[in-house]
Amino acid sequence: MADFAQNNGVKIWLRTTVSSLSVKEKYLEALLKTEEGPQRVYAQVSVIATGVKYNLQTALGLGRPRKIIKGIQVEIKTNDLERLKIYWGSRFSTGFFGWAIPLLDGRTRVGVMTEGNAVNGLKNTLSEVSDYSNTCSELSRAKRRGIAFGTIRRSYSDRIIVIGEAAGQIKTTTGGGIYYGLLSAEIASETIKKAFRIGNFEAKTLSEYEKKWKKTLGSEITFGEYFHKLYSKLSDKSLDALFDAAKKDGLLSYIAKSGKFDWHKNAVRKIIRSPNLRRVLWNEFIG
Ligand SMILES: Cc1cc2nc3c(=O)[nH]c(=O)nc-3n(C[C@H](O)[C@H](O)[C@H](O)COP(=O)(O)OP(=O)(O)OC[C@H]3O[C@@H](n4cnc5c(N)ncnc54)[C@H](O)[C@@H]3O)c2cc1C
């Protein structure tokens, strides 16, 4: 992609940070911090795709996600696991879960997404994955990063479009953002092409982007937030009861058969509507 872009006249600055964006009437000015020193760049339109960094969006009054969840992951050498495993409960995570993903070449990715203590969560997850004794040295290699939870207030403005995690386009059920980011990038490129065609980069023109991505992803993100609100209040005991109820209701086999990897709204809806699961929730919150 980079080669294709460069062959079509794109200039790529590596090891460069955009420190500010100022929107003028006829153009936009970006201040860059490069290895050779500061530089100014002028453009018709700018796409903010800075991941879990929100200084540019905040300065432009576009807001930031409701919260940032802690993410931590390490790659270990083990063949002990054949299938993906998810770890639920307070030993592993507050509000979310831990995971172990075998890459089937002797490596396994072990990680945790949590609102609590990420290192403890990872330590406990590692100890479950196999009889893994070298937990301390693994922890020192672990990569940590925030994960956006919830969208920013507005993902466009005059001459500006925000995409990916920078806009909070993240699955609120699992923290995954690659698929949503790619979908939104496609919508953004259509909107920007249109803006060039009509020669208008005002917020009104670029608002089409937000209308379209929200139509596709908005309710998925909201359902996930709703589910997280319920789920994060459950005790470990209720969580176990919830899984038992899901087994009885056939919900687990429904998810295994019909659940979609990137679309979770229908599964969340089904969980919330299931009578056995409702009973567990009722006992937790009212009973
Ligand atoms: C432990 C962990 C595991 C995950 N696993 C998965 C998974 O299995 N599946 C999945 O879909 N998602 C996963 N995610 C989430 C996924 O990594 C993100 O959703 C995705 O990377 C977001 O893509 P992005 O392009 O929006 O931002 P990023 O990939 O974060 O890219 C943003 C880039 O912008 C650069 N940048 C930042 N600020 C500036 C600036 N001011 N000027 C210039 N450049 C700047 C950054 O250096 C970075 O290179 C995981 C996240 C974590 C933390």
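The values are calculated or read from the model by the stated rules, or taken from the named source; none is laboratory data. Remember, predicted model here, so these are calculated numbers, not experimental data. Here Cβ is always computed from backbone atoms with ideal geometry, including for glycine, and neighbour counts include all displayed protein chains.
Counting only residues that are of a type in the set (Lys, Arg) and in contact with a Leu (Cβ under 8 Å, 6 or more places away or on another chain), the range 152-195 holds 3 of them.
Identify, please: which residue in the range 180-225 is within 12 Å of the ligand (Cβ to nearest atom) and not hydrophobic (A, V, I, L, M, F, W, C) and is, among those, surrounded by the most Cβ atoms within 10 Å (Cβ to Cβ)? So the residue we want is 184. Might you let me know whether the range 13-28 holds any residue that is in contact with a Phe, Trp or Tyr (Cβ under 7 Å, 6 or more places away or on another chain) and within 12 Å of the ligand (Cβ to nearest atom)? Within the range 13-28, not a single residue is in contact with a Phe, Trp or Tyr (Cβ under 7 Å, 6 or more places away or on another chain) and within 12 Å of the ligand (Cβ to nearest atom). Residues that are farther than 19 Å from residue 44 by Cβ and over 26 Å from the mean Cα position of the chain (by Cα) within the range 188-239 comprise 237, 238, listed in sequence order. Filtered by the rule that a residue be in contact (Cβ under 8 Å) with a residue 60 or more places away in the chain and among the β-branched types (Val, Ile, Thr), the range 240-287 gives a lone residue, 268. Checked against (1) of a type in the set (Lys, Arg); (2) in the same structural domain as residue 156 (by TED's automatic domain parsing); (3) within 30 Å of residue 232 (Cα to Cα), residue 91 passes all but condition (2).
When residue 143 is tested against (1) buried (at least 19 other Cβ atoms within 10 Å of the Cβ); (2) of a type in the set (Lys, Arg); (3) within 11 Å of the ligand (Cβ to nearest atom), only condition (1) is not met. Residue-level check: of (1) touching a strand residue (DSSP E or B) at 6+ places or on another chain (Cβ under 9 Å); (2) over 30 Å from residue 142 (Cα atoms); (3) in a loop (DSSP other than H, G, I, E, B), residue 38 misses just (3). Taking the conditions exactly as written (under 23 Å from the mean Cα position of the chain (by Cα) and farther than 21 Å from residue 53 by Cα), does residue 138 satisfy them or not? Spelling it out, it is not the case that residue 138 is under 23 Å from the mean Cα position of the chain (by Cα) and farther than 21 Å from residue 53 by Cα. Restricted to helices (runs of 4 or more DSSP H) entirely inside the range 219-287, those with at least 3 residues that are hydroxyl-bearing (Ser, Thr, Tyr) are 251-258. Cβ-Cβ contacts under 7 Å between residues 6 or more apart (or on different chains), taken from a first residue in the range 11-33 that is in a strand (DSSP E or B) to a second residue that is of a type in the set (Asp, Glu) and more than 10 Å from the ligand (Cβ to nearest atom), are listed as 22/29; 23/158. Summed over the range 51-87, residues that are within 11 Å of the ligand (Cβ to nearest atom), assigned to a loop (DSSP other than H, G, I, E, B), on the phi < 0 side of the Ramachandran plot and surrounded by fewer than 18 Cβ atoms within 10 Å (Cβ to Cβ) total 2.
Scanning the range 134-171 for residues that are outside any loop (DSSP other than H, G, I, E, B), modelled with pLDDT of 95 or more and of a type in the set (S, T, N, Q) turns up just one, 157.
Here the range 154-166 is the region considered, the condition is being more than 8 Å from the ligand (Cβ to nearest atom) and under 16 Å from the mean Cα position of the chain (by Cα), and the residue that is surrounded by the most Cβ atoms within 10 Å (Cβ to Cβ) is 162. Restricted to the range 168-179, and to residues there that are in contact (Cβ under 8 Å) with a residue 40 or more places away in the chain and closer than 25 Å to residue 46 by Cα, the residue that is nearest to the ligand (Cβ to nearest atom) is 176. Among all positions in the range 273-284, there is no residue which is within 30 Å of residue 189 (Cβ to Cβ) and at pLDDT 75 or above.
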